[in-house]
Amino acid sequence: MYYLHNTWLIHGTKSGNVSFLEFGCRASSIHRSSRVSLREVLVPQPTVGPRSRKLFAFQVGFESVFRIVSYCHEMFCNHEDERHVIVVVGRTGVGVSSLVNLLAGFPASGNSPDARRHTRRVQKHAISIRLRHFSVYEIPGFGGDIKEETLINYVRSLHTHRGVDLVLYCMRPIRGSLMPQTFRLLRRYLHEVPFVAVVTGLEHAGVMEKWWSTPSEEGKSTNENMLRGLGMTFQDHVCITTLPEAEIAKNKALLMRRDMSEQEVRDLVCRYCWEDSKVQGTGGVCRRLTAGLGMRAACCAY
């Protein structure tokens with residue numbers, strides 16, 4: 001038995017077969033061949049007249065065109081969205097989802113803490129800070145199940161389509177979580193976008209902010225200089241804890257540190273995302289539409 005989602009484009013042929021072209025999503029079950037019999041999929045009767053086939057093809061074609069036009073309209077409208085776009089990235093397991101929850105002030109992401117269950121798809125969150133609205137894109141962790149190239153292509157397409165205003169690069173206070181090569185690739189494609197280092201997992205440090213200026217694991221220079229030596233330069237940084245509130249409800253000291261971390265992250269976002277200063281997508285409308293399609297393709301590639 002074969003069945004289709006509503007977003008497949010269908011086109012008839014003289015032989016009575018149909019061809020399917022995927023548009024934005026996959027079928028739940030479909031034959032490996034791109035050509036499937038009308039009787040198998042579309043028409044339960046063993047025989048169908050030519051007039052009925054033409055009428056059916058016209059109805060399906062009209063519906064498909066309507067869906068394409070609706071999608072294009074959505075793409076054209078979204079690129080005019082004046083909400084600032086924030087991208088949260090990092091190696092898998094460093095706390096990307098927990099950072100999103102901290103920024104939102106509530107469990108916006110269903111994958112926290114990251115070390116237990118990793119984000120497996122791009123998630124878009126609508127977050128409000130001080131009566132201002134932001135679009136926060138939670139990117140699945142680098143080094144996980146999804147190819148790094150796929151994730152970077154998504155971020156590139158997002159910047160072309162809507163314009164990225166700020167990148168929060170999440171990391172742990174250990175060298176293995178840095179991924180400098182991935183960072184440099186992102187920097188190359190988003191060279192005009194401010195990058196902010198968000199160092200998590202410092203809840204048991206004496207003074208969280210001091211990590212930035214203390215000697216690195218090698219002990220030769222500070223952590224800031226160590227990052228620069230790896231080609232990882234940031235416009236700003238913040239050293240915080242992202243522990244879920246439910247897990248530390250009985251620990252007043254950790255709750256206080258978490259509240260301070262939430263305030264620092266929110267202050268940082270407002271500092272770099274000024275009102276009336278939204279970064280617009282690059283290129284013309286057609287290029288932005290193509291980028292929007294590229295975002296969907298990148299999501300479906302996994």
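In the stretch 95-112 there is at least one residue that is within 16 Å of Val155 (Cα to Cα), surrounded by 17 or more Cβ atoms within 10 Å (Cβ to Cβ), under 17 Å from the mean Cα position of the chain (by Cα) and at pLDDT 90 or above.
Out of all the residues in the stretch 210-241, which are charged (D, E, K, R) and crowded, with 17+ Cβ neighbours inside 10 Å?
Within the stretch 210-241, the first condition is being charged (D, E, K, R), and the residues that meet it are 210, 217-218, 220, 224, 228, 236.
Matches in the stretch 210-241: Glu224 only.
Within the stretch 147-161, being open to solvent by 20 Å² or more (accessible area, probe 1.4 Å) and β-branched (Val, Ile, Thr) holds for Thr150, Thr160.
For the stretch 185-223, what are the residues that are assigned to a helix (DSSP H, G or I) and under 24 Å from Asp165 (Cβ atoms)? Show your work before the answer.
Of the residues in the stretch 185-223, the ones assigned to a helix (DSSP H, G or I) are 185-189, 208-213, 223.
Residues satisfying the conditions are Leu185, Leu186, Arg187, Arg188, Tyr189, Trp212.
Once the stretch 139-154 is narrowed to residues that are part of a helix (DSSP H, G or I) and of a type in the set (A, V, I, L, M, F, W, C), the residue that is nearest to Arg184 (Cα to Cα) is Ile152.
Among the conditions (1) modelled with pLDDT under 95; (2) in contact with a Gly (Cβ under 7 Å, 6 or more places away or on another chain), the only one that Glu262 does not satisfy is (1). As a summary of the residue check, Thr182 satisfies the conditions (1) open to solvent by less than 20 Å² (accessible area, probe 1.4 Å); (2) in a helix (DSSP H, G or I); (3) over 26 Å from Ala108 (Cβ atoms) except for the one numbered (3).
The values are calculated or read from the model by the stated rules, or taken from the named source; none is laboratory data. On a predicted model such as this, the values are computed, not experimentally measured, just so you know. We place every Cβ from the backbone using ideal geometry, glycine too, and count neighbours over all the protein chains shown. Note: areas computed on protein heavy atoms with side chains; ligands, DNA, RNA excluded. Shrake-Rupley method; radii C 1.70, N 1.55, O 1.52, S 1.80 Å.
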